[in-house]
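Every number in this text was worked out from the coordinates using simple rules, so none of it is lab data. The structure displayed is predicted, hence computed values, not measured ones. All Cβ positions, glycine included, derive from the backbone under ideal geometry; neighbour counts span all protein chains shown.
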Amino acid sequence: MSPSHHGTEPVFDVTGVTKVYTSGEVEVRALAGIDLQLFAGEIAVLLGPSGSGKSTLLNIIGGLDRATSGSVLFNGRDLTDFSDRQLTRFRRDHIGFVFQFYNLIPSLTAWENVSLVTEVARDPMTPDEALAMVNLTDRMSHFPAQLSGGEQQRVAIARAIAKRPEVLLCDEPTGALDSKTGVIVLEALTRINTEFGTTTAIITHNAGIQQIAHRVFQFLDGRIASMHVNEARIAATEVEW
């Protein structure tokens, strides 16, 4: 079932967002005017080839980068007006990030990697709870080098969700994984979405993954070429690529 949008304000309301990078004399237009809304509790998949603007948009709505023009409303507040300090607080309090490469600290165990976040969050779950959500209870004292790629990615997801973020932003979370392992990672993401109602945006160039989404945005050349609603979503376990 798709979450009902009737009467719900979007968590994110992106209007006319552009991003231009200047390198010497050359201007590169990474985003050429994006309009997009993300609603509470939905999984949105942002699909498209490399260089189509997906990561740039994710970084802007996550407060890691700033738009050149346009507005980005988060629960009605415009991030484009935020100071650097406000953006840092916004990321810390509201957003969980998952990237293609897991960014774990090699000298810390899985449990310790997650606890880095729980020590500074406002209302965290315990590292034990977060690792249980991704089915890694029996691996929590292992170091990253002792874990498979899929296990490392699930530690990264546990770290992202441990602070109970309203929004989970995932950039190619299965990009470094084979399909069997990738499905386990997608299962973790869909479970978190179901159990916590975490608004989730997943960037991928992998068309098979769109089937777990409530809505799918197709990116091309810095624009959204199309958006469609999935009337019949499938379980992560059924995804094939």
Hits for the chain under the membrane-span-like helix rule (DSSP H, Cα axial span at least 24 Å, Kyte-Doolittle mean at least -0.5) are 179-196
For the chain, compute the orientation-averaged projected area of the C-alpha convex hull (one quarter of its surface), in nm².
13.3
For region 80-198, with the dipole built from +1 on Lys and Arg beta-carbon atoms and -1 on Asp and Glu ones, taken about the Cα centre, which of ILE161, ALA145, ASN193 lies farthest toward the positive end?
ILE161
Net charge near LEU177 (other residues with Cβ under 13 Å of its Cβ; Lys, Arg +1; Asp, Glu -1) is -2
Fewest-first sequence of LEU47, LEU73 by Cβ atoms within 10 Å of each Cβ
LEU73, LEU47
Work out how much length ASP35 to ARG66 would gain on full extension: take 0.36 nm times their residue separation and subtract the Cα-Cα distance, in nm to one decimal.
9.6 nm
Using a cut-off of 24 Å between alpha-carbon atoms, which lysines can reach LYS19, once sequence neighbours fewer than 8 places away in the same chain are excluded?
LYS54
Output needed: percent of Cα pairs per 10 Å distance bin for region 31-113, bins running from 0 to the one holding the longest distance.
13, 43, 32, 11, 1
Taking GluC sites (Glu not before Pro) as candidate sites, keep only those in a DSSP loop with at most 13 other Cβ atoms within 10 Å, then name the longest stretch of the chain containing none of them.
120-230
Computed about the Cα centre, the charge dipole of region 1-103 from +1 Lys/Arg and -1 Asp/Glu charges at the Cβ has a magnitude in debye, to the nearest 20, of 260
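How fast does region 1-77 diffuse by Stokes-Einstein, in µm²/s, taking the Kirkwood radius from C-alpha pairs at 4 °C and 1.567 mPa s?
Here the translational diffusion coefficient equals 96 µm²/s.
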